[in-house]
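Chemist: The structure's right below; bear with me while I get my questions together.
The values are calculated or read from the model by the stated rules, or taken from the named source; none is laboratory data. A quick note: this is a predicted structure, and the numbers were derived from the prediction, not measured. All Cβ positions, glycine included, derive from the backbone under ideal geometry; neighbour counts span all protein chains shown.
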Amino acid sequence: MNKLYKSAFTASLLLALAAGLQPAAAEGQPKVLILATGGTIAGVANTNSPTGYDAGKVKATDLVAAVPQLRQLADCHVEQFCNIASQDMNSDIWVRLSARVNEALLKEGYNSVVITHGTDTMEETAFFLENTLQCDNPVVFVGSMRPTTAISPDGPSNLYDAVHVAVSPESQKRGVLVTLGGKIFESRDLFKNDINHVDAFSSRYNGPIGRVDAGDVHYFANPIHGERPYWGIPADAVLPRVDIVHAYAGCTGDTIDAAVANGAQGIVIAGTGNGNMTQDCLAGVKRAVEKGVIVVRSSRIPHGFVNRNHEISDDDAGTLSSYDLSPEHARILLQLLIYHISHEPSPKYQLDLQKCFESGYFVNK
Ligand code: GLU
């Protein structure tokens, strides 16, 4: 533990001690589970570097102890789920995390769950849970852009905001939410749009759906989905490999051949413009489709819709279009769809795959 962190940590503990003098969780307070997965919110600076730090170092209990004001909002319980930088997040962790949240909300009497997570892949984990959680209680993701040892860390106030959002009755039936810098987002159209700034998230279509400040939680938009999608995935599921291939001027189809040779069962093209790619790349896509690989055309452009049969004929190429989904989100949906197709071959589950991308729904509950 470095010196700077030690003093911040000591201050946190003193605060926590002071909080300990306050009454414990008040009767009737909502029960919130805080699941910590790592990220910059649990990051600690390396004193030898003015900018560098290691994500996923501070323990979950210390993160929560640093914000004693949480006691005013909820009966918070804390659990260390993992402690990693979110660039190391993967689908094995996603399926276990989803199962843990389902268990907490459906079997253990928690009213809401807050998940601390790195911002790099938060949009992906949040979207995975959006599609795999079985109930409508609030699940709120939160991170920070500055580590705990920064001059002005944003983690503690973001964590307070997230719990505030999680206990707000207005947050029911809104699916999985993400809070950062006082803004509230839905997961489907979320993307990280700034590498450095504390206001790092943006939404591809609707903008933030609400704000949270010291006083209250305010929503100013209806949820995107009338009804939440739900896809049941067991905690030990192994999701299929789905690769993203980025299109650019001069991109070649052999990158797609390589993905197929590496075992990809699905491929998402982060296309130019409206899901476009070079003729050579398109030939590679057709070769993949002939081998039974499902290919989705998405776009490297953050805003707009990839429509079917626009410049590329999906009917001819045998491809799907991602509609509003980013390549990263389309990849998650495709992983779930391929898993579903291979594990639930009953007629009940005959899906219109294209519709799954357009509507955001898999099957009804
Ligand atoms: N790479 C880190 C992570 O995602 C830093 C980003 C952050 O947490 O803000 O965990």
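Chemist: Please indicate, with yes or no, whether at least one residue in region 275-283 is within 22 Å of N193 (Cβ to Cβ) and either part of a strand (DSSP E or B) or touching a residue at least 12 places away in the same chain (Cβ under 8 Å) (or both).
Modeler: yes
Chemist: Find the residue count for region 138-155, including only residues that are crowded, with 20+ Cβ neighbours inside 10 Å and more than 13 Å from G56 (Cα to Cα).
Modeler: Counting residues in region 138-155 that are crowded, with 20+ Cβ neighbours inside 10 Å and more than 13 Å from G56 (Cα to Cα) gives 7.
Chemist: So which residues in region 133-165 are modelled with pLDDT under 95, closer than 22 Å to G175 by Cβ and either of a type in the set (D, E, K, R) or in contact with a His (Cβ under 9 Å, 6 or more places away or on another chain) (or both)?
Modeler: D136
Chemist: May I pose another question? Go through (1) away from the ligand (no atom under 12 Å from the Cβ); (2) over 12 Å from the mean Cα position of the chain (by Cα); (3) surrounded by fewer than 22 Cβ atoms within 10 Å (Cβ to Cβ); (4) more than 24 Å from R71 (Cβ to Cβ) for V217 and report which single condition fails.
Modeler: Looking at each condition in turn, V217 falls short on (4).
Chemist: Answer yes if at least one residue in region 61-68 is assigned to a strand (DSSP E or B), within 23 Å of N111 (Cα to Cα) and either in contact with a strand residue (DSSP E or B) (Cβ under 8 Å, 6 or more places away or on another chain) or modelled with pLDDT of 95 or more (or both), and no otherwise.
Modeler: no
Chemist: Look through region 109-135, keep the residues that are crowded, with 24+ Cβ neighbours inside 10 Å, in a helix (DSSP H, G or I) and aliphatic (A, V, I, L, M), and return whichever of them is farthest from the ligand (Cβ to nearest atom).
Modeler: A126
Chemist: Here's another thing I want to ask about it. Could you tell me whether any residue of region 200-207 is surrounded by fewer than 20 Cβ atoms within 10 Å (Cβ to Cβ), at pLDDT 90 or above and within 17 Å of the chain's Cα centre (by Cα)? Outline the logic, then answer.
Modeler: Step one: list which residues in region 200-207 are surrounded by fewer than 20 Cβ atoms within 10 Å (Cβ to Cβ), which gives 202, 205-207.
Now narrow it down to the ones that are at pLDDT 90 or above: 202.
From the residues that got through so far, the ones that are within 17 Å of the chain's Cα centre (by Cα) too are 202.
Within region 200-207, one or more residues are surrounded by fewer than 20 Cβ atoms within 10 Å (Cβ to Cβ), at pLDDT 90 or above and within 17 Å of the chain's Cα centre (by Cα).
Chemist: For region 202-211, check the following and say yes or no: at least one residue is within 20 Å of F305 (Cα to Cα) and within 16 Å of the ligand (Cβ to nearest atom).
Modeler: Yes, region 202-211 has at least one match.
Chemist: Can you tell me how many residues within region 136-146 are more than 16 Å from the ligand (Cβ to nearest atom) and over 10 Å from A166 (Cβ atoms)?
Modeler: Total satisfying the criteria: 1.
Chemist: OK, next. For residues that are crowded, with 22+ Cβ neighbours inside 10 Å and not hydroxyl-bearing (S, T, Y), scanning just region 317-326, find the one that is modelled with the highest pLDDT.
Modeler: Result: L320.
Chemist: For the condition closer than 24 Å to G275 by Cβ, within 16 Å of the ligand (Cβ to nearest atom) and in contact (Cβ under 8 Å) with a residue 24 or more places away in the chain, what is the one hit in L239, L180, L190?
Modeler: The match here is L190.
Chemist: Scan region 73-99 for residues that are part of a helix (DSSP H, G or I) and near the ligand (Cβ under 10 Å from one of its atoms) and report the count.
Modeler: Residues flagged as part of a helix (DSSP H, G or I) and near the ligand (Cβ under 10 Å from one of its atoms) within region 73-99 amount to 3.
Chemist: Then there is this: Can you tell me how many residues within region 10-55 are more than 14 Å from the ligand (Cβ to nearest atom) and modelled with pLDDT of 90 or more?
Modeler: Selection size over region 10-55: 7.
Chemist: Next question. Keeping to region 100-126, report how many residues are among the aliphatic types (A, V, I, L, M) and more than 15 Å from the chain's Cα centre (by Cα).
Modeler: Here the count works out to 3.
Chemist: Search region 27-40 for residues that are closer than 30 Å to G52 by Cβ and part of a loop (DSSP other than H, G, I, E, B) and pair each with any residue that is within 16 Å of the ligand (Cβ to nearest atom) and of a type outside the set (V, I, T) when their beta-carbon atoms are under 7 Å apart and the residues are at least 6 apart or on different chains.
Modeler: G39/A55; G39/G56; G39/A85; G39/S86; G39/H117; G39/G118; G39/G143
Chemist: Hey, another quick one. Which of the residues belonging to region 259-274 are assigned to a helix (DSSP H, G or I) and out of contact with any helix residue (DSSP H, G or I) (no Cβ under 9 Å at 6 or more places or on another chain)?
Modeler: A261
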